[in-house]
1. Using +1 at the C-beta of Lys and Arg and -1 at the C-beta of Asp and Glu, which of 136, 120, 173 has the Cα lying farthest in the positive direction of the dipole of the range 91-183?
2. Which number comes out as Rg/Rh for the chain once both Rg and the Kirkwood Rh are worked out on C-alpha atoms?
3. Can you list the residues, at least 5 places off or on another chain, whose amide H is less than 5 Å from the amide H of residue 74, using H built in the peptide plane?
4. From Cα pairs below 8 angstrom and at least 6 apart in sequence, can you work out the relative contact order of the chain, rounded to a whole percent?
5. Please state the relative contact order of the range 1-83 as a whole percent: Cα pairs under 8 Å, 6+ residues apart?
6. Charges on Cβ only, +1 for Lys and Arg, -1 for Asp and Glu, centred on the Cα centroid of the chain; of 28, 53, 190, which one is farthest towards the dipole's positive end?
7. Mind listing the long-range amide H neighbours of residue 43? Cut-off is under 5 Å, sequence gap 5 or more, other chains count too, H placed in the peptide plane at 1.01 Å from N.
8. I'd like the Karplus ³J(HN,Hα) series for the range 138-143: coefficients 6.51, -1.76, 1.60, θ = phi - 60°, whole numbers in Hz, and an x wherever there's a Gly or Pro.
Amino acid sequence: MASPFHPFFTPSPNAPESPPIQELVKSLNLQPHIEGGFFAETDRAPDTVPSPFPSQASSTSSLAPQRPGFNPALRNSSTTIFYLLTPQGPQGGFHRNQARTVHTLHRGRGRYVIIHADEPGGREKEKRIETFVVGPNVAKGERLQWIVEGGKFKASFLLPDDEEGGQEESQGLLISEVVVPGFEYCDHDFLTERGLVELVGAEKANELKWLLSPLAAEN
């Protein structure tokens, strides 16, 4: 059986997005996301809760400025964003949030890859890898909604809108993500190549390493 872990879209240097995608990015006021693709924060709940996470810098802290007024002892109860993958920004590199994330599909198709890094087991035990397609064809098992618990590494990449029809084209994968408690960059980190090998073994890491973020620095 052919591996499901291969890219369908390879960005071309300086190539523009299609006019419909450019219009979507403009209409939703989307900006480039540090993970890849585009995003816009659409809600940050005004109520706060005590932070359930250790107060410490993450590997992402030096890559993205902390928002003004951030109190490390507190978290907003939730945050919500639009997130968009496009043919010129077709993948989100492996990263981990400490908080729980609820995803909802708006349009398009993509594949998610989850490494259950938080499951018990010694370093000699390879961690479980879960993968699934998100899209409108629920009769064939595509998902409209999916949840990623905190502590798991997640990557995603764009699939054609009509893969079965042989048309390798896409108008983008647009979703919403609700993070509970609310997202902060200090609760986020990227997976490194060394970390990937430690989690899944050298053979599987070689198959998945193209999904690592170029921002993932070895420590």
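The values are calculated or read from the model by the stated rules, or taken from the named source; none is laboratory data. Please read these numbers as outputs of a predicted model, since none were measured by experiment. With ideal geometry, Cβ positions are generated from the backbone for all residues, glycine too; neighbour counts draw on all protein chains shown. Note: accessible area is taken over every heavy atom of the protein model, side chains too, but ligands, DNA and RNA are not part of it. Shrake-Rupley method; radii C 1.70, N 1.55, O 1.52, S 1.80 Å.
1. Farthest towards the positive pole: 120.
2. Details: Rg = 17.3 Å, Rh = 18.2 Å.
Taking Rg over the Kirkwood Rh, I get 0.95.
3. The answer is 51.
4. Values: 472 pairs, mean separation 60.0, N = 219.
Result for the chain is 27 percent.
5. Values: 63 pairs, mean separation 28.0, N = 83.
Relative contact order comes out at 34 percent.
6. So the residue we want is 53.
7. For residue 43, the qualifying residues are 80.
8. Coupling constants for the range 138-143: 5, 5, 9, x, 5, 9 Hz.
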